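Here is the structure we will look at, set down as structure tokens.
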Amino acid sequence: MFAYFLLVLAVFSRVLPHTGWFGFTAVTGSLLFFGARRPLREGLLPVVALIALDSYLTVIQYGYSLHLVTYLPTWAWYFAMIWLGSALLKEASFLRAVAAVIIGPTSFFLVSNFTFWAAEAYYAKTLAGLMTCFAAGIPFYLKDLSSTAVVIALAFGIPALIHYKAPVLAPSKAPRR
């Protein structure tokens, strides 16, 4: 159930004004955790929810046209993160969590910025234009990286800490004299 709670947190983190949250977004971390804790067959729900959210934000909130060619790679990336969480974090460890925290935001940075550069007329279709597009995305990448680290640390760390401390918290089962 906690995976669904994180999905709701991801939606709210996208809807709330980013200036108040310092650009925090729980999307990558929640997708990775969802993949780690839920069966892949349930992966369609978060993808559909985030597609609906992207459509709402683009058309209603920001008043732009929805260009499928720009969004299809992102939507495929959503499912890829669920798959990555399933493949990498089913048996979570510190190193696997660090790898997921790096791979998730980095892959989104590469996919989203390349797609924007290729599909939109904002940057020149040259190597310099591509590098300028990537450079413009670095602040967002750093915010996604730190947000993902926080979500993954809390989502996997709190249960691990409870499990680690559980013997201390559990009543003693020593025989009474």
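Things worth noting here:
- Selection from segment 77-95 of residues that are farther than 27 Å from residue 48 by Cβ and either surrounded by 15 or more Cβ atoms within 10 Å (Cβ to Cβ) or of a type in the set (A, V, I, L, M, F, W, C) (or both): 94, 95
- Checking each residue in segment 87-126 for being within 18 Å of residue 154 (Cα to Cα) and of a type in the set (Ser, Thr, Tyr) picks out only 93.
- Here is the figure for segment 94-151: residues that are closer than 22 Å to residue 12 by Cβ and of a type in the set (Val, Ile, Thr) total 4.
Taken together, the values in this text are just the output of simple stated rules run on the coordinates, not laboratory data. Keep in mind that this is a model prediction, so the values were computed, not measured. Positions of Cβ are generated from backbone atoms using ideal geometry, with glycine treated the same way; all protein chains shown enter the neighbour counts.
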